[in-house]
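For reference, the structure discussed in these notes is given below.
The values are calculated or read from the model by the stated rules, or taken from the named source; none is laboratory data. Computed from a predicted structure; not experimentally measured. Neighbour counts run over all protein chains shown; Cβ positions are idealised from the backbone, glycine included. Areas reflect the complete protein model, heavy atoms only, side chains present, ligands, DNA and RNA absent. Shrake-Rupley method; radii C 1.70, N 1.55, O 1.52, S 1.80 Å.
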Amino acid sequence: MKIAAAQLACVLGDIPANVRRLTALAEQARSQGADLVVFPELALTGYELDALAADPALWVRPDDPRLDALRAVGIATVLNCAVTTDGPLPAIGTLVHARDGRLLTTYRKQHLYENEQGVFTPGDRDGRLELGGLRFALATCYDNHFPELTARGAADGCQVHLASSLYGTGNGIHERATVYPAIAKDANLHVVLANHVGPAGPWTGCGRSAIWAPGGTLLTEADDRTTTVTIADIP
């Protein structure tokens with residue numbers, strides 16, 4: 001299976017504009033032979049917590065018609081966004097749709113970073129799916145800093161770890177370059193990281209979306225400035 005890790009600079013709080021950007025990236029990935037594309041954290045609105053806290057219209061359901069164009073591209077998508085819950089707060093959710101647009105699973109970020117607490121409600125279960133003969137684990141940004149979460153994926157028979165994230169310039173460059181190869185090495189998983197590039201809330205995304213092989217070998221890596229996809233073949 002060919003998997004693409006996407007990176008982009010999002011438009012603040014503009015779901016239609018971001019759907020157009022995500023759709024273009026999905027089309028780029030599909031044209032290069034990818035079967036699945038992973039997008040960064042809160043890719044549908046940008047990492048804009050004040051806007052998400054103030055406007056429930058920026059929260060989505062898995063069947064939200066605003067996602068129709070993205071679901072229709074003909075490639076499986078891993079989209080992280082603010083999703084509605086049964087309570088007053090949204091969750092940071094990952095919606096995984098198959099190439100035919102069917103919802104495969106939803107995962108809610110379990111480990112909220114400090115500025116996310118009070119804005120979102122945490123999830124309480126791990127994310128899993130099977131596609132193309134592979135078993136996948138899902139995690140979102142700060143989740144990946146908890147080895148017990150990634151170890152559970154390996155113990156549950158997963159072969160690929162998908163991480164929608166935001167790492168900025170400065171210390172984020174070091175975190176991105178150490179956390180994800182370590183997951184690949186310690187959990188013996190393929191690891192797919194999708195990151196922001198350019199303005200992202202209070203940070204500037206450092207890009208370099210990448211895919212590592214089990215053991216930590218880097219298979220492919222994007223640059224630190226371009227809206228693009230980077231693709232690797234996962235055997």
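Points worth noting:
- Selected residue (only one of L104, L129, L67, L89 is open to solvent by 40 Å² or more (accessible area, probe 1.4 Å), more than 22 Å from P199 (Cβ to Cβ), under 18 Å from the mean Cα position of the chain (by Cα) and modelled with pLDDT of 95 or more): L104
- Unmet requirement for F120, which otherwise passes all of (1) hydrophobic (A, V, I, L, M, F, W, C); (2) within 15 Å of Y142 (Cβ to Cβ); (3) surrounded by fewer than 21 Cβ atoms within 10 Å (Cβ to Cβ): (3)
- Qualifying position, being farther than 27 Å from R225 by Cβ, assigned to a loop (DSSP other than H, G, I, E, B) and hydrophobic (A, V, I, L, M, F, W, C), among L166, L112: L112
- Any hit, segment 102-112, residues being farther than 27 Å from I75 by Cα and either of a type outside the set (V, I, T) or touching a strand residue (DSSP E or B) at 6+ places or on another chain (Cβ under 9 Å) (or both): yes
- Test result for G198, in contact (Cβ under 8 Å) with a residue 40 or more places away in the chain and farther than 14 Å from A163 by Cα: yes
- When the test is whether a residue is out of contact with any Asp or Glu (no Cβ under 9 Å at 6 or more places or on another chain) and surrounded by fewer than 16 Cβ atoms within 10 Å (Cβ to Cβ), A26 does not pass it.
- Given (1) open to solvent by 50 Å² or more (accessible area, probe 1.4 Å); (2) part of a loop (DSSP other than H, G, I, E, B), number of the condition H174 does not satisfy: (2)
- Close pairs (6 angstrom Cβ cut-off, 6 or more residues apart or separate chains): touching a residue at least 12 places away in the same chain (Cβ under 8 Å) in segment 157-184, open to solvent by 30 Å² or more (accessible area, probe 1.4 Å) and in a strand (DSSP E or B) anywhere: G157/R135; C158/R135; Q159/R135; G168/W203; G168/T204; T169/T204
- Scanning segment 107-164 for residues that are in contact with a Pro (Cβ under 6 Å, 6 or more places away or on another chain) and either of a type in the set (S, T, N, Q) or closer than 29 Å to A34 by Cα (or both) yields Q110, S164.
- For segment 184-205, the candidate set comprises residues that are open to solvent by 10 Å² or more (accessible area, probe 1.4 Å) and touching a Ser or Thr at 6+ places or on another chain (Cβ under 6 Å); within that set, the residue that is nearest to D223 (Cα to Cα) is T204.
- Among residues of segment 139-171, those that are surrounded by 16 or more Cβ atoms within 10 Å (Cβ to Cβ), under 16 Å from G207 (Cβ atoms) and not aliphatic (A, V, I, L, M), counted: 5
- Matching entry among D55, D35 (being farther than 25 Å from E114 by Cβ and of a type outside the set (S, T, Y)): D35
- Annotation note: of T45, T94, the sole residue that is open to solvent by less than 10 Å² (accessible area, probe 1.4 Å) and touching a Phe, Trp or Tyr at 6+ places or on another chain (Cβ under 7 Å) is T94.
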